[in-house]
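Just below is one structure, and these are the notes that go with it.
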């Protein structure tokens, strides 16, 4: 009876949340701060690591969490989006919260939101509401560290309402959400750098000089020490379909073998950012550095170069920068004679999907391209995707109305030991994961 009651309450909570506006104009941070105040400023006494960036921020968060957990620290992790279950957004100890924990946090958030709405202050948005739930859930546990991943941007993101993080981290920056964040690297970097707080150190990916200059300038304005992390910090030793072996330039780790369990070249930079962040966070403690390689190698980050089925790879690359990194990673894999791949692709309308399609056709030749209509209302119509593929390639183009049909078509097209790559949207990744 109790289990059924939890299931019913959970289903009710999910229905309520899914009906909240997702892609509307952001509330000002004061609105989120008021929402959090009514929740009792939950978990404001914990140590927070705040992470922003265009690509890689979820992976960096996951690596930081794994290292902290290996050191015996209790952690919370607020991330987005989810692939299958909304619980994935709120993790305690590297596991999504249970349905019961989710329901308890939901009840508190709904009561606070209803009071705000009744007073004419407006209901929190979808992301605000989930952020409040996450912090409430963390406050009910003994977590010491909380890793907050921004949803979109940084300066105006709900997570930026947290007043005093221990550390801010900015991952790689490229063009994405240009209709909201700006259409230049400098403008987007300024939005991401908006998470930098007075006198709070910032660690950042120094791969783009234009973005780095903006971050350094913002850090200087706010008296925040900054550490630029570049490819000079590590050396890739071997790339396989299962992992990437690398060494670090750090004097502590020069003779230690490290490995990331995701065959994306960009993951080594993500791991390096996380390692240096953890070194800072634990600088005053007796640490067990010899355990950290095991922590990094233990990550299972869904939807990122994930082998989800027989020769079926799901990758959440959904902007031009991520797509370029994906192609570079696949080209670096050893040639095992599998022949040309088949690509399944979809996208949402606010992404630069024509640019992504053009790049794929030029730089990632495939035996066939399968365009698919995703369930989300913002999905680009499959006919439009098919038209664009035919504009940029003479290879076979197939149009499918749903993910299941697309996977079947891709397997029919696949030859021998060829791989199928699913790209363009995390929504597509989630739909395929539900199937396999």
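The values are calculated or read from the model by the stated rules, or taken from the named source; none is laboratory data. All values derive from a computational prediction rather than experimental measurement. Using ideal geometry, Cβ is built from the backbone for each residue, glycine included, and neighbour counts are taken over all protein chains shown.
Return yes or no: is residue 180 modelled with pLDDT under 90, surrounded by 14 or more Cβ atoms within 10 Å (Cβ to Cβ) and assigned to a helix (DSSP H, G or I)? So residue 180 fits the description; yes. Only one of the listed residues (281, 312) is in the same structural domain as residue 229 (by TED's automatic domain parsing) and surrounded by fewer than 22 Cβ atoms within 10 Å (Cβ to Cβ). That residue is 281.
Just one of the listed residues (375, 384, 328) is in the same structural domain as residue 416 (by TED's automatic domain parsing), part of a helix (DSSP H, G or I), touching a residue at least 12 places away in the same chain (Cβ under 8 Å) and surrounded by fewer than 19 Cβ atoms within 10 Å (Cβ to Cβ), and it is 328. Scanning segment 284-309 for residues that are surrounded by fewer than 16 Cβ atoms within 10 Å (Cβ to Cβ) and over 20 Å from residue 63 (Cβ atoms) yields a count of 2. Can residue 21 be described as in a loop (DSSP other than H, G, I, E, B), at pLDDT below 95 and in contact with a helix residue (DSSP H, G or I) (Cβ under 7 Å, 6 or more places away or on another chain)? Yes. Filtering segment 234-263 to residues that are at pLDDT below 85 and closer than 17 Å to residue 301 by Cα leaves only 263. Among the candidates 134, 93, 154, 76, the residue that is within 18 Å of residue 18 (Cβ to Cβ) and in the same structural domain as residue 53 (by TED's automatic domain parsing) is uniquely 134.
For segment 80-109, the tally of residues that are touching a strand residue (DSSP E or B) at 6+ places or on another chain (Cβ under 8 Å), in a helix (DSSP H, G or I) and either within 20 Å of residue 51 (Cα to Cα) or without any contact (Cβ under 8 Å) to a residue 60 or more places away in the chain (or both) stands at 5. Within the set 188, 173, 146, the sole residue that is touching a helix residue (DSSP H, G or I) at 6+ places or on another chain (Cβ under 9 Å), modelled with pLDDT of 95 or more and crowded, with 20+ Cβ neighbours inside 10 Å turns out to be 146.
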